[in-house]
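One structure is given below, encoded as structure tokens.
The values are calculated or read from the model by the stated rules, or taken from the named source; none is laboratory data. Being a predicted model, the structure only gives us computed values, none of them experimental. Cβ atoms come from the backbone with ideal geometry, glycine included; neighbour counts cover every protein chain shown. These accessible areas exclude ligands, DNA and RNA; they are computed on the full protein's heavy atoms, side chains included. Shrake-Rupley method; radii C 1.70, N 1.55, O 1.52, S 1.80 Å.
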Amino acid sequence: MRPHVSWLLLATLACGGAPGGHDAAPPEPAAPVLRGSGPAVDVLLDLDDAGAHLTLARMAQAPAVAPPMGPVIGTAEVLDAAGHVLVQVAIPDMRLTSVIDPDGDHGDHVILDRTMARVTVPWPEGADRIRVGTDTAVPGPALQLTGGAPLATQVVGTGPSSERLDLIFLGDGYTAAEAATFEADVDRMVAHVLSIEPYASYADLFNIWRYFHASNESGADHPELTPPVYRSTTYGCAYNCNSTVRLICCNSSSLVLDAAMALPGAEGIVVLVNDSTYGGSGGSTYASSYTGSLGPEVTAHEMGHSLLGLWDEYSYGVSATTSGGPNCESNAATPRWSWWLGTNGVGAYQPCSYTNLYRPTTNACMMNLLQDQYCSVCAEYAVRQIYGRLPGILSQTTPPAGSVTVTSTTPFSATTIAGALAGSRWTSTWRLDGATVATTPTYDLDPCLVGPGTHTLTLEVGDPTAYVRSDPTGLLEDSAAWTVSTTCLTDDDGDGYTVVDDCDDLDPAVHPGAVEVPFDGTDSNCDHVDGLALAPPALTAGAMVTLHVDGATALDRVYVLLSTTGTGTGPCPAGLGGGCVDVLNPLVASVVADADGVATRTLRVPGGLQGQHVWLQAVQLGSQAQTSPVVPVTVQ
């Protein structure tokens, strides 16, 4: 399971920056980090005009999450103790924030002077420290939330946070008396977002939460008004960010701190601003939206930025030197979504964020117009991003993946993060030594059909959704593998015992669980003794000897008798009845047989028997009365 990490301490070190007015686009986009199954490190960064600066690093103990695809501002490197680079992760410039206008096909953006950013970096074996530019840090332990349960209230819960994408809604400008208003606003936004594809199809992979922190006053700052309006609110959200009237900026440090306190490890943050004036913002740290009539649409658009890393498809009015992002492309002839060309109106159309970049469709996407749909390219990217934030598809397998010994037909199965594999959205393919043997949720491996030896069994699961045509890093796939040692143990006579345990696998009356019939010429219970048997001992007068009796009934008492005449006429000891050798001396010994029907007793041979011929016999009463053959012995 993947534990979440609290950003409580991290957020206290983060500094929110004043917005700036930069329009120049930094260079090439950052390549996404592949999801991994091993440990990872959460890295908190300050971003400004000088680049990326390492603030703090903590063990995340979670898969690395791909950062938003965008212009690069720096690189996070994982070093070993000798200073060798083990992993490099490009840090995208997350300072850009934007807002879409309600009348469509345009919007506004700014690049902040300074902001906070978080990236998750794989932590391979041998890793020692993190380096960002000239800054280095040894990751501290993963932070945990004090007090146990999250402070946030769950709105939608589909599974453990370790196996879900967690989204938290915060509110700004809601007074204590407006708590119910905040709850209703969250419900309205959530219902809208989960009605949009592909979110609707993957709603079972989301947990959605809300956290209420009352403001002193209702509303938001409006410095653009005459006279200006200022409110005392929790996160200081204000319109007219960087002189852009509809762009809302908030105190990112305060809201990330609250999110970390309320829900450690939340992957997405949305701030609802309790104001009826149209506005919002989207960036990599958080999304914000006003709560008026178009609030749900604004929320969905801005989440496309902060949760998924999609770019705006309207124009900022300036050109860019970058080659683009997931849905913006500089090469119209061979765009990065070439496999969608000619389908659902997908092509290459200017502009896309910048005047010289191309978008996938003319107007069929909420990243271009304020509407309730994604184009095929953005929907595909959304699904890949959802999977990229999950630890995998499979949660456990039966038997556990690894080395397994199979001697009889054994069922192999798996459970997914959404429950049973049967009936789920995921397909399954079983391969034995590379060859497909089943496409069912479970596979019964018969070692007699497979043959003896060592084999490799794999289960491959995948999502065949029509939303995704290209999955180059395998985010929609998962697998499990077993090394199987097989031995074919047949049960030809059908008595429930295989040939390894059954001494006669052609006779159903002969098996280890059968009742032994003494001296009938058949070893019925496979103990290699046809009835009670006393092993011939070597007797030395006055010396210790260990007597062994086999073929007894488990836990019954066995008596060992000694005779100096061997006539068989008795008298037998009282209670033993007839049928035993005559005993001139007292009973030699008795002992209770063990679970395997073996009775063992060590005793001293009488000294007066030296040179004499004696006869020994074992007698068992109880659940099955029987006597052993007489064993003649000469005492030394």
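Observations on the model:
- Here the 3J(HN,Hα) profile of segment 344-351, calculated from phi with Karplus coefficients 6.51, -1.76 and 1.60 at θ = phi - 60°, is 6, x, 7, x, 8, 9, 7, x Hz, Gly and Pro shown as x.
- Semi-axis lengths, Å, segment 433-537, gyration tensor of Cα atoms, sqrt of 5 times eigenvalues: 51, 13, 10
- The computed Kirkwood radius over Cα pairs in Å for the structure shown corresponds, within (1) 30.1; (2) 28.6; (3) 33.3, to (1).
- Excluding ligands, DNA and RNA, the accessible surface per residue across segment 66-215 is 38 Å² with a 1.4 Å probe.
- The chain: calculated mean residue ellipticity at 222 nm from DSSP helix runs of at least 4, using -39500 (n - 2.57): -3000 deg cm²/dmol
- Near the amide H of TYR316, within less than 5 Å, lie the amide hydrogens of SER353, TYR354, THR355, all on another chain or at least 5 residues away, with H placed in the peptide plane.
- Cα gyration tensor, segment 328-459 - rounded (a/c under 1.5), prolate or oblate: prolate
- Here the 3J(HN,Hα) profile of segment 459-472, calculated from phi with Karplus coefficients 6.51, -1.76 and 1.60 at θ = phi - 60°, is 10, 10, 10, x, 9, x, 3, 6, 5, 10, 9, 9, 9, x Hz, Gly and Pro shown as x.
- Expressed per residue, the C-alpha convex hull volume of segment 395-477 stands at 111 Å³.
- Using the Karplus relation 6.51 cos²θ - 1.76 cosθ + 1.60 with θ = phi - 60°, the per-residue 3J(HN,Hα) values for segment 275-292 come to 8, 8, 7, 4, x, x, 6, x, x, 7, 7, 7, 10, 9, 8, 6, 10, x Hz, with x marking Gly and Pro.
- Across the chain, Cα pairs under 8 Å and at least six residues apart give a relative contact order of 10 percent.
- Cβ crowding within 10 Å averaged over residues, with 590-597, 472-479 ranked highest first: 472-479, 590-597
- Nonpolar atom fraction for the chain, defined as the carbon and sulfur part of the 1.4 Å probe accessible area, stands at 53 percent.
- Rounded accessible area per residue of segment 242-288, 1.4 Å, Å²: 24
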